[in-house]
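The values are calculated or read from the model by the stated rules, or taken from the named source; none is laboratory data. Just so it is clear, the model here is predicted, and its values are computed rather than measured. When we count neighbours, we look across all protein chains shown, and the Cβ atoms used for this are built from the backbone with ideal geometry, even at glycine.
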Amino acid sequence: MVRFKIEDFFSPEDLPNLVPSQEYAVAWVNDRTIPHNGVDVALRNAYRESLPHKPFIKVFWAEGPGVITRASYHFTDSLHAYGNRLSISFDTQFELYIAHLEGIFPTMRVGKEVGKGELLGFMGDTGAVTGPHFHFGIRDKNTGEYWNPHNFIDFSAVIENDG
């Protein structure tokens, strides 16, 4: 059922510096366990530390067409905060969301159709985070249930960077 390749979301220059940082699993936060409903992709520590400014890694839409269903800041509480979050419907049942963005590109508004290669936003550390990264999640639009992103996105290109 894999629909996307992680490398299609990033420029060829940025891809070698990205690594997985948190899997779809249960996470420990403030001495409590909560579900982590996505897969996080961050910068290699050595690369991040070499930058003189905040990392402005761009994320692009991997295929077309898609429709923006959400482009907003999300904060429920200190355990449940996606920060700047962008959701894109890519078929009748599922939507992909990318969270913790430093900024959502200004043209990304609810209802906008997006095509392959369109700039969506920039890596950030908004919401409940420990550092800059992208959070990739998949949600069933009809039930609200979260799905394992590995069923939809092939993350092997960033997993190989972690070796």
(message) Which of the numbered conditions does Ile68 fail, given that it passes all the others? Conditions: (1) part of a loop (DSSP other than H, G, I, E, B); (2) under 23 Å from Val2 (Cβ atoms); (3) β-branched (Val, Ile, Thr).
(response) (1)
(message) It is to be established whether one or more residues within the range 81-96 are buried (at least 22 other Cβ atoms within 10 Å of the Cβ) and touching a helix residue (DSSP H, G or I) at 6+ places or on another chain (Cβ under 9 Å).
(response) yes
(request) Take the range 117-161 and flag every residue that is among the β-branched types (Val, Ile, Thr), outside any loop (DSSP other than H, G, I, E, B) and within 14 Å of the chain's Cα centre (by Cα). (result) Ile138, Ile153, Val158
(request) Being surrounded by fewer than 19 Cβ atoms within 10 Å (Cβ to Cβ) and small (Gly, Ala, Ser) is the filter; apply it to the range 129-152 and report the residue that is farthest from Val59 (Cα to Cα). (result) Gly144
(message) Can you say whether Gly111 is at pLDDT 90 or above and either buried (at least 17 other Cβ atoms within 10 Å of the Cβ) or of a type in the set (Ser, Thr, Tyr) (or both), as far as the supplied structure shows?
(response) no
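Can Ala128 be described as farther than 24 Å from Val2 by Cα and hydrophobic (A, V, I, L, M, F, W, C)? Before you say what the answer is, go through the steps one by one.
Numbers: farther than 24 Å from Val2 by Cα: yes; hydrophobic (A, V, I, L, M, F, W, C): yes.
The answer is yes for Ala128.
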(message) Checking Lys58 against (1) surrounded by 16 or more Cβ atoms within 10 Å (Cβ to Cβ); (2) over 24 Å from Asn151 (Cβ atoms); (3) modelled with pLDDT of 80 or more: exactly one of these is not met. Which one?
(response) (1)
